[in-house]
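**Student:** Below is one structure. I have some questions about it.
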Amino acid sequence: MTSSRPPHRAPATRRPRVPRAAASKPRPRKRFGQHFLLPPWARKVVEAIAPEPGDVFLEIGPGTGALTLPLAATGAPILAVEVDRDLVAALAGSVPRNVTVMTGDVLTADVFPVLTGLEPQRPPDAAAADRPARRFRIVGNLPYYIASPILVRLIDWHRREGAFADATVMVQREMADRLVARPGTKDYGVLTVLLGQHARITRRLDLPSTAFKPAPKVRSSVIHLAFGPPAVRVVDEALFERMVKAMFGQRRKTLTNALKGFDPTAPAVLALAGIDGRRRPETLEPAEMARLADLFHDVRTPRML
Ligand code: SAM
């Protein structure tokens, strides 16, 4: 981990002359999905985040600090996790004291020991009695090549640690479409259902590719995930997940055919659930999927006489 303090500097006479621009703007690395936000758009994203007193942020992939610096200007403590060591070195020397920069892969890094040690500089005032004194939030302009596993990790954190209130993150526009999709549409699928089970997801902002440098080939959206209790109650969450993945793996088939490979009793279970097996998987509401999953759980549970 690298703290917010500037790294040790060699004596001035021995220091190689590095042009300022090169030092502060390392070359974007494609393999890390680096597309840096331009300042006017970074301000809009910070507005979409809507920082409040009491907030403590985990930022995923701070890069050159496009979001980090305006967010830090609100006084909120930030733990920024960045995989690119060169960017970490450049950023650690330029951030204010309320930013801690950590070198690491967000998919594997253990952020909690550092994060839980951060205290808000501005606790909520007495009028905001309904708000917790400290609220952990996630932000980031995600590296798109691993956006799905990152979102799955956020849900996993929420389920295991329950620490985060929300996440405001940039994703590719098509992924945002999938995450906010309604049943019966082509975008409705595994991600919609499994992430929607643990977070209320809304779109906050659409951005053109010109909002970034270098401009990516795709358009982007900022989405907001408000973590909460499961949207639908299920007896066996793992079974529910497996069933949803099996269903959408065969989304062009009827429900009966899509679910036969998952469980040969599917036709009977569909009949028991009162769900027409000729329907397509994407027409099912989450509550109907929960009903089905619970029935599959029942038929698989051995009965004691
Ligand atoms: N936040 C900056 C901005 O908005 O300009 C940079 C965003 S850029 C799209 C994604 C950032 O995530 C890059 O800085 C990249 O190096 C970093 N990154 C890529 N993979 C990562 C990983 N596994 N863990 C942490 N950071 C990662």
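Taken together, the values in this text are just the output of simple stated rules run on the coordinates, not laboratory data. Every value quoted in this text rests on a predicted model; they were computed, and no experiment measured them. Cβ coordinates were reconstructed from backbone atoms using ideal geometry, including for glycine residues, and neighbour counts include every protein chain displayed.
**Student:** In Å, what Rg and Dmax follow from the Cα atoms of segment 20-227?
**Tutor:** 16.5, 53
**Student:** Using amide H atoms built 1.01 Å from N in the peptide plane, name the residues 5+ places from Leu207, or on other chains, whose amide H lies under 5 Å from its own.
**Tutor:** Ser220, Ser221, Val222
**Student:** Could you work out the local net charge near Tyr145, counting Lys and Arg as +1, Asp and Glu as -1, over the other residues with Cβ closer than 10 Å to its Cβ? Write out the running numbers ahead of the final one.
**Tutor:** Numbers: positive: Lys30, Arg31; negative: none.
Net charge around Tyr145: +2.
**Student:** Okay, next question. Quick one: what does P(r) look like for segment 237-300 with 10 Å bins over all Cα pairs, in whole %?
**Tutor:** Answer for segment 237-300: a P(r) of 25, 67, 8 percent.
**Student:** Let me ask you something else. At a temperature of 4 °C and a viscosity of 1.567 mPa s, determine how fast segment 130-175 diffuses translationally according to Stokes-Einstein, using the Kirkwood radius over alpha-carbon pairs as Rh; express D in µm²/s, rounded to the nearest whole number. It would help to have the intermediate numbers written out before the result.
**Tutor:** Working: Rh = 11.7 Å.
So the translational diffusion coefficient is about 111 µm²/s.
**Student:** Here's another thing I want to ask about it. Would you kindly state how much longer the chain becomes between Arg153 and Arg97 on full extension, computed as 0.36 nm times their sequence separation minus their alpha carbon distance, in nm to one decimal? Write out the running numbers ahead of the final one.
**Tutor:** Details: separation 56, 0.36 × 56 = 20.16 nm, distance 2.79 nm.
Answer, rounded to one decimal: 17.4 nm.
**Student:** Please compute the net charge surrounding Ala231, taking Lys and Arg as +1 and Asp and Glu as -1 over other residues with Cβ under 11 Å from its Cβ.
**Tutor:** Details: positive: Arg200, Arg233; negative: Glu285.
Net charge around Ala231: +1.
**Student:** Where does helix 147-161 land angle-wise versus the long Cα axis of the chain, in degrees 0 to 90, nearest 10?
**Tutor:** 80 degrees
**Student:** A further question follows. Please tell me the relative contact order of the chain in percent, rounded to the nearest whole number, where contacts are Cα pairs under 8 Å and at least six residues apart.
**Tutor:** Details: 513 pairs, mean separation 46.4, N = 305.
Relative contact order, the chain: 15 percent.
**Student:** Turning to a different aspect of this structure: Highest mean first, what order results for 113-122, 253-262, 168-177 on Cβ atoms within 10 Å?
**Tutor:** Working: 113-122: 14.5, 253-262: 17.9, 168-177: 20.9.
In decreasing order of mean packing, 113-122, 253-262, 168-177 become 168-177, 253-262, 113-122.
**Student:** Between Lys245 and Thr301, what length comes free when the chain is fully extended (0.36 nm per residue of separation minus the Cα-Cα distance, one decimal in nm)? Mind dumping the intermediate values first?
**Tutor:** On the way: separation 56, 0.36 × 56 = 20.16 nm, distance 2.09 nm.
In short, 18.1 nm is gained.
**Student:** Separate question: Report relative contact order for segment 237-300 in percent, whole number only (criteria: Cα-Cα under 8 Å, sequence separation at least 6). Please report the intermediate quantities before stating the final value.
**Tutor:** Numbers: 63 pairs, mean separation 23.5, N = 64.
Relative contact order for segment 237-300 comes out at 37 percent.
**Student:** Then there's this: How large is the helix-only mean residue ellipticity at 222 nm for the chain, computed as the sum of -39500 (n - 2.57) over DSSP H runs with n ≥ 4, divided by its residue count, in deg cm²/dmol to the nearest 500? Walk me through the intermediate numbers first.
**Tutor:** On the way: 12 runs with 104 residues, N = 305.
Estimated from H runs of four or more residues: -9500 deg cm²/dmol.
**Student:** Mind jotting down the distance between the C-alpha centroids of segment 129-178 and segment 200-276, whole Å?
**Tutor:** 17 Å
**Student:** What does the charge count around Leu179 come to, taking other residues whose C-beta lies under 13 Å from its C-beta (Lys +1, Arg +1, Asp -1, Glu -1)?
**Tutor:** On the way: positive: Arg173, Arg178, Arg182, Arg200, Arg203, Arg204; negative: Glu174, Asp177, Asp187.
Value of the local net charge: +3.
**Student:** I've got another one for you. How much of the DSSP bridge set in the chain is antiparallel, in percent, rounded to the nearest 5? All intermediate terms of the calculation are to be shown ahead of the outcome.
**Tutor:** Details: 18 of 39 bridges.
DSSP beta bridges in the chain are roughly 45 percent antiparallel.
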